[in-house]
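The values are calculated or read from the model by the stated rules, or taken from the named source; none is laboratory data. Owing to the predicted nature of the structure, the values given are computational and were not obtained by experimental measurement. Quick reminder, even Gly has a Cβ in these numbers, built from the backbone with ideal geometry, and neighbours come from all protein chains shown. Only protein heavy atoms, including side chains, enter the accessible area calculation; ligands, DNA and RNA are left aside. Shrake-Rupley method; radii C 1.70, N 1.55, O 1.52, S 1.80 Å.
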Amino acid sequence: MIKIKWLKKLTFNGKHNAFSDLCLFKQTLYCCFREASGHISDDGVIRILVLDSDGKVSAKTFIKINNTDLRDPKLTVSPDGKLILLAYARYFVDDGTRLITKNLCWVSQDGLSWSSPTQVGELYWWLWRIRWRDSTAYGFAYNRKANAIDLYQGDPRRSFHNTVPGALSLQKHQLGYPNESDLVFAGQQCYALVRRDADSYSAQLGRSTYPFKQWFWHDLNFYVGGPVMHIVDKDTALVAGRVVYQQQVKTALFKLNLISGKVSEKLILPSSGDNSYPGLGILEKQLYLSYYSSHEDQQSAIYLAQITL
């Protein structure tokens, strides 16, 4: 049975702390999130915390770009041992009359000192998360007007190209507004979990065989927001994200059968109001989950849970 061993609040600054991710780097947990004055505001900065196995913060830093909202940061470790941070940047140009959005990535050797940002992918297409298979990274980018997600691959530090336009789209699949996503790999198979915000709002479970050019989709018949996955075995993944539970929006962790799409062993974490967008990490055979919630004093804060499986 999945249950919480302990839960700790990581932020106490009175800011809107949200959109977390968690990563194991050099046998240490790194947690990143957006810190701002509101859920949607022009002052979003990325905060990065270094955590020990008890959830204690041992170091911290931040990344800021003037007059730019940095949103939904994600962490990943490259095959050559570098920590890569991905985020979506929103900023105004032409005297504040035109909004530009683009994906940026930074590189670090220690998680505290970071390179200058470089642009990844196309303007106005939101590259949600990247995952590595051997020496190649993959990730879906979405665009609301296009009602589609495109698969990118390569190395985000150098060359990252759109290789499967419309891998899931309203035009091809009659499934509206696919957006946030995650990928896991099992041998020659790749599985994707994709949030949707149109028609039935039901998430899609995708499957593709290397080189991942053709995708087959299975409707899960339930909603998942901000999904993150961790592969357990060739048929099973742990999934965390925003779900609807007893007519409320909650942060949940559950097991998902990648073949049938069936859910088992669901855990609802303490959460309410503005919440979710979790990250998952494994340290010393323990599962850690970061997320944000406003269930305490209606103040959005970052939480870290150690989970017993």
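Residues in segment 247-299 that are among the polar types (S, T, N, Q), without any contact (Cβ under 8 Å) to a residue 24 or more places away in the chain and in contact with a strand residue (DSSP E or B) (Cβ under 9 Å, 6 or more places away or on another chain): N257, S260, S264, S294. Pairs linking a residue in segment 88-112 that is closer than 22 Å to S20 by Cβ and touching a residue at least 24 places away in the same chain (Cβ under 8 Å) to a residue that is of a type in the set (D, E) and open to solvent by less than 60 Å² (accessible area, probe 1.4 Å), with Cβ atoms under 8 Å and 6 or more positions apart or on different chains, are Y88/D72; A89/D69; R90/D69.
Scanning segment 13-29 for residues that are open to solvent by less than 20 Å² (accessible area, probe 1.4 Å) and out of contact with any Lys or Arg (no Cβ under 6 Å at 6 or more places or on another chain) gives N17, S20, L22, C23, F25, L29. Within segment 170-198, residues that are over 17 Å from R131 (Cβ atoms) sit with their Cβ atoms under 7 Å from residues that are of a type in the set (F, W, Y) and surrounded by fewer than 21 Cβ atoms within 10 Å (Cβ to Cβ), at 6+ positions apart or across chains, in these pairs: H173/W217; R196/Y177; D197/Y177; A198/Y177. None of L51, L85 is buried (at least 18 other Cβ atoms within 10 Å of the Cβ) and farther than 26 Å from F140 by Cβ except L51. The criterion of at least 3 residues that are modelled with pLDDT of 95 or more and open to solvent by 10 Å² or more (accessible area, probe 1.4 Å) is met, among strands (runs of 3 or more DSSP E) falling completely within segment 91-147, by 98-108, 131-133, 136-143.
Quick check: anything in segment 189-198 open to solvent by less than 60 Å² (accessible area, probe 1.4 Å), in a strand (DSSP E or B) and among the charged types (D, E, K, R)? Yes: segment 189-198 contains one or more residues that are open to solvent by less than 60 Å² (accessible area, probe 1.4 Å), in a strand (DSSP E or B) and among the charged types (D, E, K, R). Scan segment 239-268 residue by residue and report those that are under 20 Å from F19 (Cβ atoms) and crowded, with 16+ Cβ neighbours inside 10 Å. Scanning segment 239-268 gives V239, A240, G241, R242, V243, V249, K250, T251, A252, L253.
From the list F212, F185, F222, F216, which residue is farther than 24 Å from L309 by Cα and either open to solvent by 10 Å² or more (accessible area, probe 1.4 Å) or modelled with pLDDT under 95 (or both)?
F216
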